[in-house]
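Chemist: First the structure, which I've put down as structure tokens, then a few questions once you've had a look.
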Amino acid sequence: MTSPKEILQFKKEKAKEILESKGFFRPKRVYVGLATCEIAAGSQSIMDIFQSETGNMSDVFVSAKGCAGRCNLEPTVEIVEEGKETVKYVSVNEEKARQIIEKHLKKGEIISEWVVK
Amino acid sequence: MITDNFKKNFGDINFFGKQLRIALRNCGMINPEDIYDYIYNACGYEALAKALSDMKPSEIVEEIKKSGLRGRGGAGFPTGLKWEFTAKEQNFEKYVVCNADEGDPGAFMDRSVIEGDPHSVIEGMLIGGYAVGASKGIIYIRAEYPLAVERLYKAFAAARKEGFLGENILGSKFNFDIEIRLGAGAFVCGEETALINSIEGKRGMPRPRPPFPAANGVFGKPTLVNNVETWANIAAIIIEGYQWFSNIGTEKSKGTKVFALAGKIKNTGLVEVPMGTTLREIVYGIGGGIPNGKKFKSVQTGGPSGGCLTEKFLDTKIDYESLAAAGSIMGSGGMIIIDEDSCMVNLAKYFIEFTQSESCGKCVPCREGTKRMLEILERITSGEGREGDIEKLERLGNVIKQASLCGLGQSAPNPVLSTIKNFRNEYEEHIKLKKCRANACEKLVNYYVTDKCVGCGACKRVCPAGAIEGSLKAKHKVDLARCIKCGRCYKTCKFGAVKKDSGILEIMQ
């Protein structure tokens with residue numbers, strides 16, 4: 001009989017495959033905060049921008065996340081790249097979101113004045 | 001280590017680097033609506049698999065007991081003991097309940113955990129159900145949290161599809177499923193016996209204890225009630241072991257506590273720190289101090305059940321006992337920072353107003369007592385305080401604390417009693433001098449125009465009561481008899497010529 005641990009291991013492998021098919025392991029992962037507080041700060045439209053404008057970029061994966069608890073700096077967007085420090089943009093608005101796509105995601109330039117210290 | 005992920009991603013930021021995140025370990029790290037993200041990236045359901053494969057239910061109870069975890073809802077009852085009581089009951093039907101009825105003004109930890117990481121709560125409840133022998137779980141959550149409810153339903157569906165909820169979980173003989181009960185937002189329903197009444201479809205009113213819910217809970221069955229944050233800690237303890245958890249914190253309070261930092265502070269947000277961190281580290285370290293160069297006045301912990309602590313308590317180490325000794329409580333984790341612009345009497349009035357309207361009305365001390373306290377405080381803040389009012393408040397408060405049935409009444413007078421203890425002079429000023437030093441009590445404040453006035457007439461134009469007199473280019477004057485104290489002139493004046501002050505007329509015009 002297989003133990004629960006073994007079954008979970010099997011599920012973990014399956015989870016990896018599913019994440020892979022969704023594009024999770026692409027080089028650049030963008031997390032947009034979508035909790036009640038972030039949405040109240042306007043993150044839904046930012047999510048829409050990221051989703052529609054990165055749709056044809058094969059190296060970018062956009063995902064929702066909960067709130068990390070930085071209330072006064074919301075909406076927040078994180079860009080995770082393997083082997084690099086996560087870049088954390090705060091107080092993002094629609095204009096900033098477009099610039100982040102243009103500069104950071106397309107050209108690899110970090111816009112440091114919008115990054116939280 | 002289960003906390004490493006967060007540290008790796010956010011550890012370089014001052015605000016996050018000083019925290020230790022256990023309950024919030026995945027919040028802001030994973031997609032809450034994707035179970036595969038949780039399974040693959042957050043050690044998801046590993047604790048459940050470990051419990052089902054390697055541990056007997058009694059061993060899990062023992063593990064939680066040894067970890068020293070205490071109820072994060074506020075009262076701080078040892079979680080392991082609660083589990084043991086429920087596990088010992090002989091009954092083929094038992095319930096496991098998650099209390100997500102977060103009602104404190106300014107607290108949002110539970111919402112953030114459920115919205116950011118719903119599966120860790122589900123996993124905690126599964127382990128709890130297995131440990132105490134229950135097959136039914138209920139999450140009692142307020143209807144004001146629609147997104148949290150929606151994410152829970154999505155998480156249930158995904159967990160059922162993957163075989164984490166339902167029958168023969170992960171191939172074992174353990175069956176468990178969870179349902180949601182929506183609360184209508186009554187504060188008293190956060191009290192566990194009132195919550196049980198509400199689940200049963202009755203009016204949310206507390207029951208006398210004993211019998212405790214562990215013996216006689218939902219529909220008379222043995223019931224284990226824990227708070228969201230407590231449940232979120234369980235999986236971490238099972239994965240990392242009790243030694244790891246019990247090494248964090250102070251002698252009597254282990255682990256971490258999440259606080260919702262709000263009020264007059266630079267960095268507002270969710271803060272999870274090890275027990276034993278001082279208030280000063282939170283306020284000035286993580287919180288970044290008071291904005292706009294204002295002076296720190298007080299920190300309020302525990303919401304409407306807690307108290308206000310002054311500067312001399314800033315080095316208090318946060319744990320259940322030392323906060324209680326200082327005259328406040330841990331509570332569910334609201335932490336409001338107050339600067340010199342706030343009036344403590346007004347603040348106490350606000351909290352009593354809250355508990356008075358949230359009192360369920362079952363027992364007299366709470367129902368009548370809070371009402372009378374509110375009346376006295378309303379009098380004091382409107383300049384009609386009388387000699388002896390403070391003593392009356394103290395006496396009433398002590399009686400309500402001793403004679404009320406449930407936690408709501410037993411703690412309702414705390415904000416008033418602690419502000420009287422720490423800020424008695426402000427109460428006396430209100431009563432004797434009719435003075436509010438923060439100029440926050442509307443009825444005590446008077447507006448007047450100083451010599452800086454250039455006579456532009458801006459204040460005159462915005463005054464809805466026509467209380468400002470003066471011709472163009474001449475100094476204006478406020479007619480106190482007609483002034484309704486709306487403060488529009490004060491906000492409108494570009495020259496800082498309109499001032500406000502309170503107290504028996506000394507400087508007025």
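The values are calculated or read from the model by the stated rules, or taken from the named source; none is laboratory data. Predicted, not measured: the structure shown is a model, and the values here were computed from it. Don't worry about glycine lacking a Cβ; one is built from the backbone with ideal geometry, like all the others, and counts go over all protein chains shown. Protein only, heavy atoms only, side chains kept; ligands, DNA and RNA dropped before computing areas. Shrake-Rupley method; radii C 1.70, N 1.55, O 1.52, S 1.80 Å.
Chemist: Got a sec? Charge dipole of the protein assembly as shown, +1 on Cβ for Lys and Arg, -1 for Asp and Glu; which of B:Ala134, B:Ala325, B:Gly457 is way out at the positive end?
Modeler: Working it through, the farthest residue towards the positive pole turns out to be B:Gly457.
Chemist: Answer with one residue from B:Ala184, B:Gly388, B:Ala143: the one whose Cα lies farthest towards the positive end of the charge dipole of the protein assembly as shown, charges on Cβ with Lys, Arg +1 and Asp, Glu -1.
Modeler: About the Cα centre, the residue reaching furthest to the positive side is B:Gly388.
Chemist: Based only on Cα atoms, what mean projected area does the convex hull of segment B:155-295 have, in nm²?
Modeler: Working: hull surface 51.9 nm².
Average projection, Cα convex hull of segment B:155-295: 13.0 nm².
Chemist: Which loop trypsin sites (Lys or Arg not before Pro) in segment B:88-174, with loop taken from DSSP, have no more than 15 other Cβ atoms within 10 angstrom of their Cβ? Could the numbers behind the result be given before it?
Modeler: Working: sites: B:Lys88, B:Lys94, B:Arg111, B:Lys136, B:Arg142, B:Arg151, B:Lys154, B:Arg160, B:Lys161, B:Lys173; in loops: B:Lys94, B:Lys173.
Qualifying residues, ordered by number: B:Lys173.
Chemist: When the Kirkwood radius is taken over all Cα pairs of segment B:447-491, what Stokes-Einstein diffusion coefficient follows at 20 °C and 1.002 mPa s, in µm²/s? Each step should come with its number before you reach the end.
Modeler: Numbers: Rh = 10.3 Å.
Result for D is 208 µm²/s.
Chemist: For the protein assembly as shown, what's the radius of gyration and Dmax over Cα atoms, in angstrom?
Modeler: In order Rg, Dmax, the Cα atoms of the protein assembly as shown give 27.0, 95 Å.
Chemist: Please tell me the relative contact order of segment B:148-203 in percent, rounded to the nearest whole number, where contacts are Cα pairs under 8 Å and at least six residues apart. Before the final figure, lay out each step's value.
Modeler: Details: 31 pairs, mean separation 8.9, N = 56.
Relative contact order of segment B:148-203: 16 percent.
Chemist: Of B:Asp501, B:Asp451, which has the most accessible area and how do the rest follow, probe 1.4 Å? Could the numbers behind the result be given before it?
Modeler: Numbers: B:Asp501 30, B:Asp451 130 Å².
Largest accessible area first, the list is B:Asp451, B:Asp501.
Chemist: Once phi is turned into θ = phi - 60°, what whole-Hz ³J(HN,Hα) does the Karplus curve with 6.51, -1.76 and 1.60 give for every residue of segment B:104-119, x standing for Gly and Pro?
Modeler: 4, x, x, 10, 8, 5, 5, 4, 5, 5, 5, 6, x, 7, x, 5
Chemist: What is the antiparallel percent of DSSP beta bridges lying wholly in the protein assembly as shown, to the nearest 5?
Modeler: Working: 34 of 62 bridges.
Taking every DSSP beta bridge within the protein assembly as shown, about 55 percent pair in antiparallel fashion.
Chemist: Quick check on segment B:136-231: what are the equivalent-ellipsoid semi-axes from the Cα gyration tensor, as sqrt(5λ), descending, whole Å?
Modeler: On the way: eigenvalues 128, 66, 18 Å².
Gyration-tensor ellipsoid for segment B:136-231: 25, 18, 10 Å.
Chemist: Among the trypsin sites (Lys or Arg not before Pro) in segment B:379-459, which ones are in a DSSP loop with at most 14 other Cβ atoms within 10 Å of the Cβ? Mind listing them?
Modeler: On the way: sites: B:Arg379, B:Arg386, B:Lys392, B:Arg395, B:Lys401, B:Lys421, B:Arg424, B:Lys432, B:Lys434, B:Lys435, B:Arg437, B:Lys443, B:Lys452; in loops: B:Arg386, B:Lys434, B:Lys435, B:Arg437, B:Lys452.
Here the sparse-neighbourhood loop sites are B:Arg386, B:Lys452.
Chemist: Enter the angle in degrees (range 0 to 90, nearest 10) between the Cα long axis of helix A:4-22 and the first principal axis of the Cα atoms of chain A, meaning the one along which they spread out most.
Modeler: 40 degrees
Chemist: Please label the shape of chain A as rounded, prolate or oblate, based on the square roots a ≥ b ≥ c of the eigenvalues of the alpha-carbon gyration tensor (a/c under 1.5 means rounded; beyond that, a/b larger than b/c means prolate, else oblate).
Modeler: prolate
Chemist: Counting Lys and Arg as +1 and Asp and Glu as -1, each charge on the Cβ, what is the dipole of the protein assembly as shown about the Cα centre in debye, to the nearest 20? Could you put the intermediate results ahead of the total?
Modeler: Working: 88 positive and 78 negative charges, 356 e Å.
The calculation lands at about 1700 debye.
Chemist: Largest first and to the nearest Å, give the Cα extent of segment B:251-300 along each principal axis.
Modeler: 37, 17, 17
Chemist: Can you grab the distance from the C-alpha centre of segment B:119-154 to the C-alpha centre of segment B:215-292, Å, no decimals?
Modeler: 19 Å
Chemist: Right, next: Filter the chymotrypsin sites (Phe, Trp or Tyr not before Pro) in segment B:54-119 down to the DSSP loop ones having no more than 13 other Cβ atoms within 10 Å, then list what survives.
Modeler: Filter output for segment B:54-119: B:Phe92.
Chemist: Let me ask something else. Output needed for segment B:235-377: three equivalent-ellipsoid semi-axes, defined as square roots of 5 times the C-alpha gyration tensor eigenvalues, in descending order, whole Å. Show your work: numbers first, answer last.
Modeler: Values: eigenvalues 168, 92, 30 Å².
Here the semi-axes work out to 29, 21, 12 Å.
Chemist: In debye, nearest 20: dipole of segment B:205-261 around its Cα centre with unit charges on the Cβ of K, R (+) and D, E (-)? Display every interim value, and only then the final one.
Modeler: Values: 6 positive and 3 negative charges, 60 e Å.
Its charge dipole is roughly 280 debye.
Chemist: Something else now. Sequence gap at least 6, Cα distance under 8 Å: using those rules, report the relative contact order of chain B to the nearest whole percent.
Modeler: Values: 1048 pairs, mean separation 66.6, N = 509.
Result for chain B is 13 percent.
Chemist: Same structure, new question: Taking H placed 1.01 Å from N in the peptide plane, check which residues at least 5 places from B:Gly166 or on another chain put their amide H under 5 Å from its amide H.
Modeler: Residues meeting the criterion, in which the H sits 1.01 Å from N, are B:Phe176, B:Asp177.
Chemist: Taking the Cβ of B:Lys312 as the centre, find all other residues whose Cβ is under 15 Å away and add up their charges (Lys, Arg: +1; Asp, Glu: -1). Present the calculation step by step, with values, prior to reporting the outcome.
Modeler: Working: positive: B:Arg280, B:Lys295, B:Lys297, B:Lys317, B:Lys421, B:Arg424; negative: B:Glu311, B:Asp315.
Once positives and negatives cancel, what remains is +4.
Chemist: Let me know the shape class of segment B:76-175, please: from the alpha-carbon gyration tensor, a ≥ b ≥ c as square roots of the eigenvalues, rounded when a/c is under 1.5, otherwise prolate if a/b is greater than b/c, or oblate.
Modeler: Taking the square roots of the gyration eigenvalues as a ≥ b ≥ c, segment B:76-175 is oblate.
Chemist: Run the numbers on segment B:1-31: which residues show a drop of 30 Å² or more in accessible area, chain on its own versus all protein chains together, using a 1.4 Å probe over heavy atoms?
Modeler: B:Asn9, B:Phe10, B:Asp12, B:Ile13, B:Phe16, B:Gly28, B:Asn31
Chemist: Something else: As a test of reading the structure, rank B:Tyr145, B:Tyr242, A:Tyr31 by solvent-accessible area (1.4 Å probe, protein chains only), most first. Could the numbers behind the result be given before it?
Modeler: Values: B:Tyr145 30, B:Tyr242 60, A:Tyr31 10 Å².
The most accessible residue leads, giving B:Tyr242, B:Tyr145, A:Tyr31.
Chemist: Rg to Rh ratio, segment B:428-508, alpha-carbon atoms and Kirkwood radius?
Modeler: Numbers: Rg = 12.7 Å, Rh = 12.9 Å.
Expressed as Rg/Rh, it is 0.98.
Chemist: Taking 0.36 nm per intervening residue step and subtracting the Cα-Cα distance, what contour gain separates B:Lys294 from B:Glu321 on full extension? Before the final figure, lay out the partial values.
Modeler: Values: separation 27, 0.36 × 27 = 9.72 nm, distance 3.05 nm.
Gain on stretching B:Lys294 to B:Glu321: 6.7 nm.
Chemist: Restricting things to alpha carbons, tell me how big segment B:10-149 is in terms of Rg and Dmax, in Å.
Modeler: 16.0, 51
Chemist: Given the options A:Phe50, A:Gly23, A:Ala35, identify the residue whose Cα lies farthest towards the positive end of the charge dipole of segment A:17-57 (+1 on Cβ of Lys, Arg; -1 on Cβ of Asp, Glu).
Modeler: Of the candidates, A:Gly23 comes out farthest on the positive side.
Chemist: Calculate the all-directions average of the projected area of segment B:60-125's alpha-carbon convex hull, and give it in nm². Show your work: numbers first, answer last.
Modeler: Details: hull surface 21.6 nm².
Over all viewing directions, segment B:60-125 projects a mean Cα-hull area of 5.4 nm².
Chemist: Can you give the Rg/Rh ratio of segment B:341-478, where Rg is from the C-alpha atoms and Rh is the Kirkwood radius? Walk me through the numbers on the way to the answer.
Modeler: On the way: Rg = 19.6 Å, Rh = 16.8 Å.
With Rh from the inverse mean 1/r over Cα pairs, Rg/Rh is 1.17.
Chemist: Treating only the Cβ atoms of Lys and Arg (+1) and Asp and Glu (-1) as charged, compute the dipole magnitude of chain B about its Cα centre; round to the nearest 20 debye.
Modeler: Details: 69 positive and 60 negative charges, 395 e Å.
Dipole of chain B, to the nearest 20 debye: 1900 debye.
Chemist: Additional query: What ranking do B:310-317, B:226-233 get when scored by the average of other Cβ atoms within 10 Å per residue, highest first? Don't skip to the answer; put the middle values down first.
Modeler: Numbers: B:310-317: 15.6, B:226-233: 28.2.
Descending packing order for the listed peptides: B:226-233, B:310-317.
Chemist: Oh, and also: Quick one: grab Rg to one decimal and Dmax as a whole number for chain B, Cα atoms only, in Å.
Modeler: Using the Cα atoms of chain B, the pair Rg, Dmax is 25.9, 88 Å.
Chemist: Counting only helical runs of four or more DSSP H residues, what would the 222 nm mean residue ellipticity of the protein assembly as shown come to if each run contributes -39,500 (n - 2.57) and the total is spread over all its residues?
Modeler: On the way: 25 runs with 237 residues, N = 626.
After summing the helix terms and dividing by the residues of the protein assembly as shown, the value is -11000 deg cm²/dmol.
Chemist: Now a separate question. As a test question: what accessible area, to the nearest 10 Å², does B:Met125 have when a 1.4 Å probe is rolled over all protein chains in place?
Modeler: Approximately 0 Å² of B:Met125 is accessible to the 1.4 Å probe.
Chemist: Which of rounded, prolate or oblate describes segment A:75-117 when judged by the alpha-carbon gyration tensor and an a/c cut-off of 1.5? Present the calculation step by step, with values, prior to reporting the outcome.
Modeler: On the way: a/c = 1.83, a/b = 1.20, b/c = 1.52.
It comes out oblate by the Cα gyration axes.
Chemist: Take B:Cys453, B:Cys308 and sort them by solvent-accessible surface of the protein heavy atoms, 1.4 Å probe, largest at the top.
Modeler: Details: B:Cys453 30, B:Cys308 0 Å².
If we order B:Cys453, B:Cys308 from most to least accessible, we get B:Cys453, B:Cys308.
Chemist: Quantify how strongly other chains surround peptide B:36-47 by giving the mean number of their Cβ atoms within 10 Å of each of its Cβ atoms. Please list the in-between numbers first.
Modeler: Values: counts 12, 8, 1, 9, 11, 4, 0, 1, 4, 5, 4, 0.
Mean shielding count: 5.
Chemist: Sticking with this structure for a sec: Can you tell me the order of B:249-258, B:203-212 when each peptide is scored by its average per-residue count of other Cβ atoms within 10 angstrom, highest first? Write out the running numbers ahead of the final one.
Modeler: Working: B:249-258: 22.5, B:203-212: 15.9.
Final packing ranking: B:249-258, B:203-212.
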